[in-house]
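The values are calculated or read from the model by the stated rules, or taken from the named source; none is laboratory data. These numbers come from a predicted model, not from an experiment. No Cβ is skipped: glycine too gets one built from the backbone with ideal geometry, and neighbour counts run over all protein chains shown. Quick note on the areas: whole protein, heavy atoms, side chains included, nothing else; ligands and nucleic acids left out. Shrake-Rupley method; radii C 1.70, N 1.55, O 1.52, S 1.80 Å.
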Amino acid sequence: DTGVSQDPRHKITKRGQNVTFRCDPISEHNRLYWYRQTLGQGPEFLTYFQNEAQLEKSRLLSDRFSAERPKGSFSTLEIQRTEQGDSAMYLCASSRDRVQSEQYFGPGTRLTVT
Amino acid sequence: AQSVAQPEDQVNVAEGNPLTVKCTYSVSGNPYLFWYVQYPNRGLQFLLKYITGDNLVKGSYGFEAEFNKSQTSFHLKKPSALVSDSALYFCAVRDGGTGGFKTIFGAGTRLFVKA
């Protein structure tokens, strides 16, 4: 088990630019989740996948956010036209394909929008 | 919609004393409940979960949690706190009534264990 990895670990971008983050889940995990965490808050659900299918997306997520998992393995999260309010830690997690399964989290990507 | 509340931003306890970190939840169906811990500069780690059965569940590092359906609570406990337990603790819930995997996290409780 190599764990969940995320790349990059840190990203600084200027307002209005697009950014893309990558998540590599634990290989045998079918489920993959994206969260956003700001200082002093818990992880906020963004979206999740079962294999390549995106099954649910938070209504709080604007159209500037999009996520893909094209081959059911790694996933990407893209933010278009970044705003300062997008500054946060973006967390990825994966789990087995049972609703009782716990999630394994990556180290996160810290985004700073200047 | 499911929700989770952690009423305490911070809990302070002396080393060797018992600790409790509180969590209450709201779901439409049966709850799947989880506790995670976040140490400084490290990712979230799973501690324990309640799915069904015995109301007292045991997890990693000597932690346990008690599920109380009537009070819709899932408090995290440890009989004897260690300084190394100081961290940020998150309660999380999935709504078994929806069948989905969406997980809602509480805002977190910071635990300080004083030597």
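The figures follow:
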read-out	value
Summed buried accessible surface, chains B and A, 1.4 Å probe, nearest 100 Å²	1800 Å²
Accessible surface, segment B:10-115, averaged per residue in Å² (probe 1.4 Å)	45 Å²
³J(HN,Hα), Karplus 6.51/-1.76/1.60, whole Hz, each residue of segment A:90-103, x for Gly, Pro	9, 10, 10, 9, 9, 8, 5, 8, 10, 5, 7, 6, 6, 9
Average Cα contact separation per residue, chain B, under 8 Å, 6 or more apart, as relative contact order %	38 percent
Model label zone, B:Arg42; criterion: amide N under 13 Å from point 7 Å along Cα-to-beta-carbon; scope segment B:85-113	B:85-89
Percent accessible area from carbon and sulfur atoms, the protein assembly as shown, protein chains only, probe 1.4 Å	45 percent
Assigned charges on the beta-carbon of Lys, Arg, Asp, Glu; chain B dipole about Cα centre (debye)	140 debye
Where segment A:13-114 is the region considered: accessible area per residue in Å², 1.4 Å probe	48 Å²
Relative contact order (%) - criterion: Cα under 8 Å, at least six apart; region: segment B:1-43	46 percent
Principal axes of chain B: Cα extent on each, largest first, Å	44, 29, 22
Within chain A: Cβ-based charge dipole about Cα centre, in debye rounded to nearest 20 (Lys, Arg +1; Asp, Glu -1)	340 debye
Max mean-square fluctuation residue, GNM over chain A, Cα-Cα springs under 10 Å, options A:Ile12, A:Ile26, A:Ile79	A:Ile12
Segment A:43-93 and segment B:28-82: distance between their alpha carbon centers, rounded to Å	27 Å
Summed side-chain charge close to A:Phe45 - residues other than A:Phe45 whose Cβ falls under 14 Å, Lys, Arg +1, Asp, Glu -1	+3
Orientation-averaged projected area, Cα convex hull of segment A:26-114 (nm²)	6.0 nm²
Radius of gyration, Dmax [the protein assembly as shown; alpha carbons; angstrom]	17.6, 52
